[in-house]
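Taking it in order: structure first as structure tokens, then the write-up.
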Amino acid sequence: MKHDSFSIFGHKMAAHSGIVELMDDLGKAMAGHEEMLMLGGGNPAGIPQMQAIWRQDMAALLEDQKRFDRVLCHYDIPQGSPRFLEAVAALFREEYGWDIGPQNVAVTNSSQNAYFMLLNMLAGERADGSHGKILLPVTPEYIGYADQGLSEDMFVACKPLISEIGDHQFKYHVDFDNLVLGDDIAAVCVSRPTNPTGNVLTDDEVRRLAALTKERGIPLLIDNAYGAPFPSIIFGDAEPHWDEHVILTLSLSKLGLPGTRTGIVIASEAIIAAVASANAIISLASGTIGQALVVGHMESGRILQFSREIVRPFYEARLHRALDFVEASFDQHLPWRLHRCEGALFLWLWCRDMPIDSRTFYERLKARGVLVVPGRYFFYGLDEPWPHQDQCIRINYSQPETTVREGLRIIGEEMQKAYSSRSM
Ligand SMILES: Cc1ncc(COP(=O)(O)O)c(C=O)c1O
């Protein structure tokens, strides 16, 4: 079928936008080259202890014929399985004292899917003809939101403040002095921990964002795909935050279940009712397998133990090992910096004043068999160019040791070559 007959929506979905092209490129590179060192994707690591738990749970489900039929042979209600909704609400009530019940929880077919519904329900064309936007208080932000808006110019992004730490670290902060919540801002959205940077907004930053959005009467979306209390890929102290106007999303993916496509939304009753309704329109209902595998662990609280005692230590160990490789293979005299990794799966490398941009750096690394993600794609929504956006790359540190060591060694070499061409 020719694309001429597509609607605006059709064109948008079929378009070879930056990220689609890039994912395609990564896929092709992987298919053609078995030796490729894959530091590009966002796939969680296979954690043997967690994989054993999920296999055991799946075997138990298969054994229990009645439960198996109940889980697989019916559509769920659009909001999610009642037992799972209650288990999520109880976990957050007990863990954080939040005043929530099952009416404050919805399950979606992945948190990616939840964002498609939420971002478009909150922003875009309004009945009065005005156009609502999503404000990202810190750019760079998760690439997966970038192309989800059904209307144009859905995002407004703010440059962060940058604090430089020691010789080779840095951290982004919200620049509250320049954060303007104009009438066109329909909601504010942050991932915490942030993909791609590993930043975790401080509790104080979150409280201030929550206060500002509350005052304006708009929602604050907090994407907790990596955060506490599960999967807890977060390495410092940071409290989850909730209030009537906060929309907190979680996911089972980084617990090691990305294939179940299970997202969780915690929000006011009105938002949950709207999400359930949108879910019915788009999907009829959400998948049940992820909920069925996890619900018992949610009720017993074991999910917290898995997260704190298996998942977090696994990623923390891989992070430290990757940082050792960086130290061993990056020239300490060059002006590179890594964002302080406070959570998530990534090292965010800033090559200040490098004579080539991050796309060229990505191409050179690909030619050497190393796949990373050029930073440019994470800086959508800015109203003016910012040199920083072409100086960063995202590196997944959670892959097996030999892959990460060799990948970082080659990144160090290519970085050195690129910088030395500056002095020629
Ligand atoms: C910040 C963030 N949000 C949401 C998602 C989507 O997760 P899923 O759709 O697997 O629940 C991801 C995936 O990597 C992510 O990094």
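Taking into account only those residues within the stretch 57-73 that are touching a residue at least 24 places away in the same chain (Cβ under 8 Å) and out of contact with any Phe, Trp or Tyr (no Cβ under 8 Å at 6 or more places or on another chain), which is surrounded by the most Cβ atoms within 10 Å (Cβ to Cβ)? Top of the filtered list is 71.
Residues that are in contact with a strand residue (DSSP E or B) (Cβ under 6 Å, 6 or more places away or on another chain) and over 17 Å from residue 146 (Cα atoms) within the stretch 379-392 comprise 391, 392, listed in sequence order. For the stretch 239-251, the criterion of a residue being part of a loop (DSSP other than H, G, I, E, B), touching a Leu at 6+ places or on another chain (Cβ under 7 Å) and in contact (Cβ under 8 Å) with a residue 60 or more places away in the chain is satisfied by at least one position.
Of 275, 311, 294, 265, all but one fail to be within 16 Å of the ligand (Cβ to nearest atom) and touching a Pro at 6+ places or on another chain (Cβ under 6 Å); the exception is 311.
Of the numbered criteria (1) crowded, with 19+ Cβ neighbours inside 10 Å; (2) at pLDDT below 95, the one residue 118 fails is (2). Listed here are the strands (runs of 3 or more DSSP E) enclosed by the stretch 147-238 that have at least 1 residues being more than 16 Å from the ligand (Cβ to nearest atom) and either of a type outside the set (Gly, Ala, Ser) or without any contact (Cβ under 8 Å) to a residue 60 or more places away in the chain (or both): 155-157, 161-165, 169-173, 185-191.
The values are calculated or read from the model by the stated rules, or taken from the named source; none is laboratory data. Source: prediction; values computed, not measured. In this analysis, Cβ positions are derived from the backbone assuming ideal geometry, glycine residues included, and neighbour counts consider all displayed protein chains.
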